[in-house]
Amino acid sequence: MKRILNLEGAINLRELGGYPTKDGTTIKYNKLLRSGDISNLTGKSLAYLKKYGLKYIVDFRSNDEQRNWADTTSDFYKIYSDPVYPLKGNGDKLAGILNRNSYNYLGMIYQSVVLDAHGQQAYKLFFDLLLHNDQPNTSLLFHCAAGKDRTGIGALLILKALGVDDETITKDYLLTNLMYESDHEIDRILNDKSGNQSVNQMNMTAADLESITSVFDAIEHYYGTFENYLDKALDIDADKLAKLKAIYTTNDDN
């Protein structure tokens, strides 16, 4: 199955199925999609997503972004507003203590997000919805504007929770750069003059290895292990983690 889904009216839409895990399983196909803006989905694209089994959409964008570029609606899925921003500010403080200017622009932002109380609440809701997506032939799509930063962090968190190794997670994140090169609509949509300029800058900054690995460093520094972060920050204990793996992974090689 294709990793990159070039659907009309979508930016950076990608399938997360097929990645191997450390448990010897693989991520199920037709369960998880990551994306950027989906405000211009066409009828043809909607037909594809209906057949795909789309039931849940999680929108990480700010309230202003959601108003200005509202997701395309349909009767076969429900949209959940789950803004990652604005942060409360404690994440910036914790990231600053950890970094002391040792990380780049995106790295500092990413660390702030995963350490911030509001950012954690946003991804807690994301994981709650992932747990609800437990029926056969149903799928969940999560997205922001570019499908790189807020979505990239969401992808990192769920893929790592499911047991995908760090190298594979990083490669999935870096696929965004390929999408930036091939989709010229990204620049037009994400650099709207009336939009938040800080978000515009973040959206148009290329994905890089240091930014994504900075998240691993922040979690390890403040939580010791990723499993502890899941439990303490996102309320995903061992039982919920086992349920997530049952929903999204399979031993079937087909």
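Show which aspartates and glutamates lie in cross-link reach of LYS51 when reach means a straight Cα distance below 18 angstrom and same-chain residues fewer than eight apart are skipped.
GLU8, GLU15, ASP75, ASP134
Round to a whole number: what % of the accessible area of region 1-152 belongs to carbon and sulfur, probe 1.4 Å?
Values: 3270 of 6360 Å².
Whole-percent figure for carbon plus sulfur exposure: 51.
Using modelled backbone amide H atoms (1.01 Å from N, in-plane), which distant-in-sequence or interchain residues come within less than 5 Å of GLY147's amide H?
Those lying under 5 Å, H to H, from GLY147 are ASP37.
Amide H neighbours of LEU32 under 5 Å, counting only residues 5+ apart in sequence or on other chains, H built in-plane at 1.01 Å?
Amide H neighbours of LEU32: LEU16, GLY17, LEU140.
Where is the GNM fluctuation largest for the chain (alpha-carbon springs, 10 angstrom cutoff): SER211, SER45, SER139?
SER45
Mind checking the dipole of region 49-96: about its Cα centre, +1 per Lys or Arg Cβ, -1 per Asp or Glu Cβ, Debye to the nearest 20?
Working: 8 positive and 7 negative charges, 40 e Å.
In total the dipole reaches around 200 debye.
Which ³J(HN,Hα) values, rounded to whole Hz and listed in residue order, are derived for region 61-76 from phi using the Karplus coefficients 6.51, -1.76 and 1.60 in 6.51 cos²θ - 1.76 cosθ + 1.60 with θ = phi - 60°, glycine and proline given as x?
6, 5, 4, 5, 4, 5, 6, 6, 10, 4, 4, 4, 9, 7, 8, 9
So how much slack lies between ASP128 and GLU167, counting 0.36 nm per residue of separation and subtracting their Cα-Cα distance, in nm? Numbers along the way, then the final one.
On the way: separation 39, 0.36 × 39 = 14.04 nm, distance 2.59 nm.
Additional length available on full extension: 11.4 nm.
Among GLU15, GLU210, GLU65, whose mean-square fluctuation peaks in a Gaussian network model of the chain (Cα, cutoff 10 Å)?
GLU210
Using DSSP to call loops (not H, G, I, E or B), can you name the chymotrypsin sites (Phe, Trp or Tyr not before Pro) in region 53-156 whose Cβ has at most 16 other Cβ atoms within 10 angstrom?
Numbers: sites: TYR56, PHE60, TRP69, PHE76, TYR77, TYR80, TYR103, TYR105, TYR110, TYR123, PHE126, PHE127, PHE142; in loops: PHE60, TRP69, PHE76, TYR77, TYR103.
The qualifying sites are PHE76.
Relative contact order for region 66-121: what percent, with Cα pairs under 8 Å and sequence separation of 6 or more? Each step should come with its number before you reach the end.
Numbers: 46 pairs, mean separation 22.1, N = 56.
Relative contact order comes out at 39 percent.
Can you tell me the relative contact order of the chain? Whole percent, Cα pairs under 8 Å, sequence separation 6 or more. It would help to have the intermediate numbers written out before the result.
Values: 423 pairs, mean separation 61.6, N = 254.
The value is 24 percent.
Classify region 17-107: rounded, prolate or oblate, from the alpha-carbon gyration tensor (a ≥ b ≥ c, eigenvalue square roots; a/c under 1.5 rounded; otherwise prolate if a/b is larger than b/c)?
On the way: a/c = 2.94, a/b = 1.41, b/c = 2.09.
Here region 17-107 falls in the oblate category.
Check LEU54: other-chain or 5+ apart residues with amide H under 5 Å from its amide H, H built from backbone geometry?
Those lying under 5 Å, H to H, from LEU54 are SER139.
Assuming a ≥ b ≥ c are the square roots of the Cα gyration tensor eigenvalues, decide whether region 140-182 counts as rounded (a/c under 1.5), prolate (otherwise, with a/b larger than b/c) or oblate. Kindly include the intermediate steps, with their values, before the conclusion.
On the way: a/c = 2.65, a/b = 1.35, b/c = 1.96.
Since a/c reaches 1.5 but b/c is at least a/b, the shape of region 140-182 is classed as oblate.
About the Cα centre, and with charges only on the beta carbon of Lys, Arg (+1) and Asp, Glu (-1), how big is the dipole of region 18-139? Nearest 20 debye, please. Please list the in-between numbers first.
Numbers: 15 positive and 12 negative charges, 62 e Å.
Dipole of region 18-139, to the nearest 20 debye: 300 debye.
The values are calculated or read from the model by the stated rules, or taken from the named source; none is laboratory data. Keep in mind that what you see is a predicted model, and the values were worked out from it rather than measured. Every residue, glycine among them, receives a Cβ derived from its backbone with ideal geometry; neighbour counts consider all protein chains shown. Quick note on the areas: whole protein, heavy atoms, side chains included, nothing else; ligands and nucleic acids left out. Shrake-Rupley method; radii C 1.70, N 1.55, O 1.52, S 1.80 Å.
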